[in-house]
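Read through the structure below, which is laid out as structure tokens, and then see the notes.
The values are calculated or read from the model by the stated rules, or taken from the named source; none is laboratory data. Since we're looking at a predicted model, the values are computed, not measured. So basically every Cβ, Gly included, is an ideal-geometry build from the backbone, and we count neighbours across all protein chains shown. Remember, those area values only see protein heavy atoms, side chains included, never the ligands or the DNA or RNA. Shrake-Rupley method; radii C 1.70, N 1.55, O 1.52, S 1.80 Å.
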Amino acid sequence: MIKKQVRNKAAKTDKKDWNMKEGILFKVLSVGIFAFTSVVILNGCGKKKAISEADEKMKPVPFTDVKISDDFWSRRIETNRKVTIPAAFKKCQETGRIDNFAIAGGLKEGEHKGVYPFDDTDVYKIIEGASYSLSVHPDPALDNYVDALIKLIAAAQENDGYLYTARTNKSRTLMRRLGDERWANLSGHSHELYNMGHLYEAATAHFYATGKRNLLDVAIKNAELLCEVFGPGKNETAPGHQEIELGLVKLYEATGQEKYLNLAKFFLDTRGPGGEEYSQTHKRVVDQNEAVGHAVRAGYMYSAMADVAALTSDRNYVRALDELWDNVVGKKLYVTGGLGSDPSIEGFGPNYDLPNMSAYCETCASIANVFWNQRMFLLHADAKYIDVLERTLYNALISGVSMDGSLFFYPNALASRGQHARSEWFVCACCPGNITRFMASLPGYVYAKRGDEFYVNLFVTSQTTVELGGRKVQIKQLTNYPWDGAVRIMVEPERSATFTMCIRIPCWSRNKPLPSDLYSFMQDNDEQVNLKVNGVPVAFDMDKGFARINLRWEKGDVIEFNLPMPVRRLLANEKVAEDKGRVALQRGPIVYCMEAPDVEDGRVLNLLLEDTANLEAQFRPALLNGLTVIKGIAQAYRLEKTDDEQTIVKERKNFQAIPYYAWSHRGRGEMAVWLARDENAVEPAGLPSIAETSMVSASEKGIGIEAVNDGLVPTSSSDTSFPVFTFLPKKGTTEWLQYDFGKVYEPSIVDIYWLGDEENRRPESFKIQYRKGSEWRTVWAPDGFRLEKDKLNRIIFETVKTDALRIELQMQQGFSAGIFEWRVK
Ligand SMILES: [Zn+2]
């Protein structure tokens, strides 16, 4: 029988959950955005009122209270605990990050190691991840290890609370970045406060997990120093990389010290105007309405603004956040939910500028985007934020870590020629540490609660117990999401009670990929989402993307619904030039890609998927931990050249598309999220290479310039029977050789065959540069610039978007240099 709908009553604060612990009055309250059970230390009765108001605010159900028992996430969380956290600590050990604390604390002799002044934060982030893990999974060995690290960190802290090993250790490599004295380069590259922000996040997580104050006291001592140094009329410098604000809010929540919240707000308000877009100091934060600059900085800043807005009800913050969010979701979000299209700033490009092969989509930026959208949801109680969060979570974010937990992507590209692969670690290692802390806290994103309203935000087999309508209520969710949209929610109040169950009906199941017009489905799906309670269809209100079912609930009540998951074709807004004539595939929340191993000849970029092609979903339990693939037939295009003719040959090719997050687990090769559906977007195999169609020029006219892109490679570096270019008569100078493409490409691989004979030697050094506006910038090639003889030297670099490349070389003293062949991919 359908139960009578009862009007939802305003929730009353239950005062019974006060308790005394170790002589201090505590109130267990979930305020942490990481969905942590936060313990607010109260000073007196005056605070009670503020707390009961806070109870009416939307709060996540703490991850410590949500037990996930599905196949999809439990495996990843367990892998994070068993593999990623220990491996990341080990890397910190091997790279000197941990010794840096010991050296600063006088416990060890030696030189500071590392080339970045923010290396301390990797250790902090992993401690944060380990703490989250400890709070749900006791592990004495890990607990002891973390305590040992905390001893080193505490030793590294200077007497007045300052903690920043690069400066304490007087790192010679880093001195220029740090500046001569404390805070001297704060708005630039010192990252001093960025370091300290991560310390606070780690310290509060560790305190909640273990109840120990060893790291919290270090953080408080440091924060006290900041309160003395920074503030109106004191040092008013805006930090170059945001993060301290998030840390201060957490420290405020853990200690109840309002000065920390005020300092967080101060650091936000002191930004701009007149600074750089790169670090979001170009305008005051409340005047910003377009997402610009470095994406992780932006994401952390928006998240901190949302924290401060929630705690202070600052309307100007909310207005700015709403405009920034509209801009990102309407014009700057990749279909995978990733952020950042410009590798040169690790950040946002212009509106609708979303290149695929050079997409940045840093893993940290995805995590920041999840932080931000969770906080926006807590502010506005609107499902559209969770729609964005879910897209990022299931696609761009988890693509950042391999399924075995040991390899990481820094950028997460949406197309590849095989130049992309995950790495064990990075010199700049922000992403792995961020993964450790994010994965461990994932269960905190599933549910939320406001008064007598319970929110089901994500669909994951899990259970939790909360208080609703004055009763303890156990909620159990059963589903095979993301592969199947059928969801059962068992509602078990200890005795019957009236409250509202709010179920998110994802926008993708309501014919919108995102709450904006950036992407659309090619065809609408008419299937409706029907909700049943105890097998009977139930009336519900839709409000802000939530189906609200207000009933008197009884033990054994079951809510059932099915989110239809047909294979959907997505189109991008026509203003996104890079996706013109292209289509992407989505099923449920999962965005798909086509990858080399799933097409007969390993070619993907030359495929065209016709709009009429039949697509079929199939679950494959043995493939990549078990996943649903999409099978179909595409047309492969190949250019065939004879002496006097070129023809395009088309062939039918079977393919299976896999979830984007699962790519790059089976070796290097081609990959594409956006497939051609229009002939103009196909890149037929056999096309002339970028080099072949480029205009070649050099700083010195030299001899034989046409040789560098003739496709011919000699048998050895001294085999001058093959055409070769040399800078002769120049010797010992710095010179360049340049390709002008005539259009914008996204290269990331070059192959160079060097000349070596009596007059020409391989150069002393060289670099690859790309043109950005009127500047030449050096590419980032993690494995360096190779100079081996008798072979094509492959240089893989971070994909750039450019219309020209240069080889800039320094010749050996007394010798010239030459090149047989220079290829670009
Ligand atoms: Zn990162």
Over region 426-441, the set of residues touching a strand residue (DSSP E or B) at 6+ places or on another chain (Cβ under 8 Å) and more than 12 Å from the ligand (Cβ to nearest atom) is Met439
Given the criterion open to solvent by 60 Å² or more (accessible area, probe 1.4 Å) and in a strand (DSSP E or B), identify the matching residue among Arg638, Arg603. Arg638
Search result, residues across region 333-348 that are within 21 Å of Val285 (Cα to Cα) and either open to solvent by 10 Å² or more (accessible area, probe 1.4 Å) or acidic (Asp, Glu) (or both): Ile345, Glu346, Phe348
Return the total of residues in region 621-635 being among the polar types (S, T, N, Q) and open to solvent by 20 Å² or more (accessible area, probe 1.4 Å). 2
Over region 768-803, the set of residues within 20 Å of Gly818 (Cα to Cα) and in contact with a Phe, Trp or Tyr (Cβ under 6 Å, 6 or more places away or on another chain) is Gln769, Phe785, Leu792, Ile795
Which one of Phe438, Phe426 is buried (at least 24 other Cβ atoms within 10 Å of the Cβ) and farther than 30 Å from Gly556 by Cα? Phe438
Tell me which residues, restricted to region 547-564, are part of a loop (DSSP other than H, G, I, E, B) and in contact with a strand residue (DSSP E or B) (Cβ under 8 Å, 6 or more places away or on another chain). Glu554, Lys555, Gly556, Leu563
Do any residues in region 280-303 that are over 11 Å from Leu268 (Cα atoms) and open to solvent by 20 Å² or more (accessible area, probe 1.4 Å) have Cβ atoms under 8 Å from those of residues that are within 16 Å of the ligand (Cβ to nearest atom) and not hydroxyl-bearing (Ser, Thr, Tyr), where the two are at least six apart or on different chains, and which pairs are they? His282/Gly293
Can you confirm whether region 697-718 contains a residue that is buried (at least 16 other Cβ atoms within 10 Å of the Cβ) and in a strand (DSSP E or B)? yes
Hand me the list of strands (runs of 3 or more DSSP E) wholly inside region 733-799 holding 2 or more residues that are closer than 19 Å to Asp710 by Cβ. 734-745, 749-754, 792-796
Under 25 Å from Cys428 (Cα atoms), among the aromatic types (Phe, Trp, Tyr) and more than 30 Å from the chain's Cα centre (by Cα): is that true of Phe766 in this structure? yes
I'd like to verify a number: residues in region 463-505 that are closer than 19 Å to Trp73 by Cα and not basic (Lys, Arg), how many? 15
If you take just the helices (runs of 4 or more DSSP H) that sit entirely in region 193-273, which of them hold at least 1 residues that are surrounded by fewer than 18 Cβ atoms within 10 Å (Cβ to Cβ) and without any contact (Cβ under 8 Å) to a residue 24 or more places away in the chain? 214-229, 258-269
Residues (over 21 Å from Val460 (Cα atoms) and open to solvent by 10 Å² or more (accessible area, probe 1.4 Å)) located in region 365-407: Leu379, His380, Ser406, Leu407
Just need a number here: residues in region 395-423 that are farther than 21 Å from Glu746 by Cα and more than 15 Å from the ligand (Cβ to nearest atom). 6
Is it true that some residue in region 36-52 is within 28 Å of Pro140 (Cβ to Cβ), open to solvent by less than 50 Å² (accessible area, probe 1.4 Å), modelled with pLDDT under 50 and assigned to a loop (DSSP other than H, G, I, E, B)? yes
Arg806: in a strand (DSSP E or B) and not small (Gly, Ala, Ser), yes or no? yes
Quick one: in region 156-177, which of the residues that are touching a helix residue (DSSP H, G or I) at 6+ places or on another chain (Cβ under 7 Å) and open to solvent by 10 Å² or more (accessible area, probe 1.4 Å) is nearest to Glu109 (Cα to Cα)? Asn169
Taking Glu362 as meeting all but one of (1) open to solvent by 10 Å² or more (accessible area, probe 1.4 Å); (2) within 16 Å of the ligand (Cβ to nearest atom); (3) among the charged types (D, E, K, R), write down the number of the exception. (1)
Within region 526-549, can you find the residues that are modelled with pLDDT of 95 or more and surrounded by 14 or more Cβ atoms within 10 Å (Cβ to Cβ)? Leu531, Lys532, Val533, Asn534, Lys544, Gly545, Phe546, Ala547, Arg548, Ile549
